[in-house]
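Engineer: One structure, as structure tokens, below. Some questions next.
The values are calculated or read from the model by the stated rules, or taken from the named source; none is laboratory data. Every value quoted in this text rests on a predicted model; they were computed, and no experiment measured them. Every residue, glycine as well, gets a Cβ built from its backbone with ideal geometry; the counts of neighbours run over all protein chains shown.
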Amino acid sequence: MSEPIKNRYEFVILFDVENGNPNGDPDAGNLPRTDPETGHGLVTDVCLKRKIRNYVETVKEGKTGYRIYIKEGVPLNVSDNEGYAYVGIDDAATMKPEELKKIVKEREAKEIDVDHQVRDFMCGNFYDVRTFGAVMTTMVKGNLNCGQIRGPVQLGFARSIDPVVPQEVTITRVAISTEADAEKKGTEMGRKYIIPYALYRVEGYVSANLARKVTGFSEEDLELLWEAILNLFENDRSAARGKMAVRELIVFKHDSELGCAPAWKLFETVSAKLKDGVVSPRAYSDYAVSVDTSALPAGVTCTRMG
């Protein structure tokens, strides 16, 4: 693998939605997620990470070093077993915890560092483990520290710049489920929820320190991350999500591993505000987006992509 990154980064993503539901809440009938106190829209970090994983899986198609650990329909134990098989422990997923711990202790008595061997295998083979980290159940069961890997890349929740007003849209359904229903009625009624328009902002972090010490996240991995963010919705369309697009990616690069300034100072230089006279935004052009580069601390540079 390539050398780990040597610089700390922070970044801001601005994306918008038009006539869609960017992230439904299953506990609220799939309503768009909102902050109940302010009315601002929310999109979870898990939702955004899923789209990054989907993009990497699409463009790399299982290429060595770029497989995806957290995949729909694939038990985590299947991938965990690959890590154990790499160090010569087969069928770890079916072993009792005490059996697995005994084997690990026997290896440690022989000065064989199973922890690091398995961790390096998983990080080297799975892009999302190398990027976001992971909690690997079989490793945790075996009392291995590598079961909980801290990833260098972290995202927060996305929040809309302004409050949103979700709308319930009634729709008709002509596809009847049963013959009995067809005899009773010709169509059925349904509903979907949309946000007419909203611009969202999410902040993220890239730790060069964790990349060096833990996962080996490299410059090539970083470039793929930026590419995935810029194309977050391009290959993952859905009628329910409407028209979604990443409008801008703003990246702050420190000239050192541990950084030159607190992240909040950098985030505060990014501003997205409604233009004068706009009351109900319906397009990205209704906002003025700026970065106060004059306020950047020494040792930090800013790059705007999009």
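Engineer: With the requirement that a residue be touching a Leu at 6+ places or on another chain (Cβ under 8 Å) and part of a loop (DSSP other than H, G, I, E, B), what does the stretch 232-260 give you?
Structural biologist: The answer is Leu232, and nothing else.
Engineer: State yes or no: is Ala198 over 30 Å from Leu31 (Cα atoms), aliphatic (A, V, I, L, M) and touching a residue at least 40 places away in the same chain (Cβ under 8 Å)? Break it down stepwise before answering.
Structural biologist: Values: over 30 Å from Leu31 (Cα atoms): no; aliphatic (A, V, I, L, M): yes; touching a residue at least 40 places away in the same chain (Cβ under 8 Å): yes.
Against the criterion (over 30 Å from Leu31 (Cα atoms), aliphatic (A, V, I, L, M) and touching a residue at least 40 places away in the same chain (Cβ under 8 Å)), Ala198 does not qualify.
Engineer: Applying the selection to the stretch 81-105, what residues are among the acidic types (Asp, Glu) and at pLDDT 80 or above? If you could, list the steps in order and put the result at the bottom.
Structural biologist: Quick first cut of the stretch 81-105, residues among the acidic types (Asp, Glu) only: 82, 90-91, 98-99.
Correct list: Glu82 only.
Engineer: When Val129 is evaluated against the numbered criteria (1) at pLDDT 80 or above; (2) not in a helix (DSSP H, G or I), which criterion, by number, is the only one it fails?
Structural biologist: All conditions pass for Val129, except number (2).
Engineer: A follow-up question, please. Anything in the stretch 187-231 that is of a type in the set (A, V, I, L, M, F, W, C), outside any strand (DSSP E or B), in contact with a helix residue (DSSP H, G or I) (Cβ under 8 Å, 6 or more places away or on another chain) and modelled with pLDDT of 95 or more? List them, or say none. Let's see the steps before the verdict.
Structural biologist: So the first thing to find is which residues in the stretch 187-231 are of a type in the set (A, V, I, L, M, F, W, C), and the list is 189, 194-195, 198-199, 202, 206, 208, 210-211, 214, 217, 222, 224-226, 228-230.
Add one more test, that the residue is outside any strand (DSSP E or B), and what stays is 208, 210-211, 214, 217, 222, 224-226, 228-230.
Narrowing the set further to residues that are in contact with a helix residue (DSSP H, G or I) (Cβ under 8 Å, 6 or more places away or on another chain) leaves 214, 217, 224-225, 228-229.
If the condition is that a residue be of a type in the set (A, V, I, L, M, F, W, C), outside any strand (DSSP E or B), in contact with a helix residue (DSSP H, G or I) (Cβ under 8 Å, 6 or more places away or on another chain) and modelled with pLDDT of 95 or more, then Phe217, Leu224, Leu225, Ala228, Ile229 are the ones that fit.
Engineer: While we're on this one: Filter the stretch 108-136 down to the residues that are on the phi < 0 side of the Ramachandran plot and among the acidic types (Asp, Glu) and list them by number.
Structural biologist: Glu108, Asp113, Asp115, Asp120, Asp128, listed by residue number.
Engineer: Let me ask something else. Yes or no: Asp16 among the acidic types (Asp, Glu), buried (at least 18 other Cβ atoms within 10 Å of the Cβ) and modelled with pLDDT of 90 or more? Reasoning before the result, please.
Structural biologist: Values: among the acidic types (Asp, Glu): yes; buried (at least 18 other Cβ atoms within 10 Å of the Cβ): yes; modelled with pLDDT of 90 or more: yes.
Spelling it out, Asp16 is indeed among the acidic types (Asp, Glu), buried (at least 18 other Cβ atoms within 10 Å of the Cβ) and modelled with pLDDT of 90 or more.
Engineer: Could you check Val12 against (1) in a strand (DSSP E or B); (2) over 17 Å from Val202 (Cβ atoms) and say which number it fails?
Structural biologist: Condition not satisfied by Val12: (2).
Engineer: Is it true that some residue in the stretch 251-261 is surrounded by 15 or more Cβ atoms within 10 Å (Cβ to Cβ), within 30 Å of Glu18 (Cβ to Cβ), in the same structural domain as Val12 (by TED's automatic domain parsing) and of a type outside the set (Asp, Glu)?
Structural biologist: So in the stretch 251-261, the residues surrounded by 15 or more Cβ atoms within 10 Å (Cβ to Cβ) come out as 251-254, 257, 259-261.
Applying the additional criterion that residues be within 30 Å of Glu18 (Cβ to Cβ) yields 251-252.
In the following step, the residues that additionally are in the same structural domain as Val12 (by TED's automatic domain parsing) were identified as 251-252.
Adding the requirement that they be of a type outside the set (Asp, Glu) leaves 251-252.
Among the residues of the stretch 251-261, at least one is surrounded by 15 or more Cβ atoms within 10 Å (Cβ to Cβ), within 30 Å of Glu18 (Cβ to Cβ), in the same structural domain as Val12 (by TED's automatic domain parsing) and of a type outside the set (Asp, Glu), which makes the answer yes.
Engineer: Select from the stretch 77-89 the residues that are crowded, with 17+ Cβ neighbours inside 10 Å, closer than 20 Å to Thr131 by Cα and touching a helix residue (DSSP H, G or I) at 6+ places or on another chain (Cβ under 7 Å) and list them in ascending order.
Structural biologist: Those that are crowded, with 17+ Cβ neighbours inside 10 Å, closer than 20 Å to Thr131 by Cα and touching a helix residue (DSSP H, G or I) at 6+ places or on another chain (Cβ under 7 Å): Asp80, Gly83.
Engineer: Got a number for residues in the stretch 207-246 being within 15 Å of the chain's Cα centre (by Cα) and among the small types (Gly, Ala, Ser)?
Structural biologist: The qualifying residues number 1.
Engineer: Across the stretch 63-76, what is the total count of residues that are at pLDDT 90 or above and touching a helix residue (DSSP H, G or I) at 6+ places or on another chain (Cβ under 8 Å)? Walk me through it before giving the result.
Structural biologist: The initial filter retains those residues of the stretch 63-76 that are at pLDDT 90 or above, namely 63-70.
If we keep only those that are touching a helix residue (DSSP H, G or I) at 6+ places or on another chain (Cβ under 8 Å) too, we end up with 64-70.
Going through the stretch 63-76 one residue at a time, the tally reaches 7.
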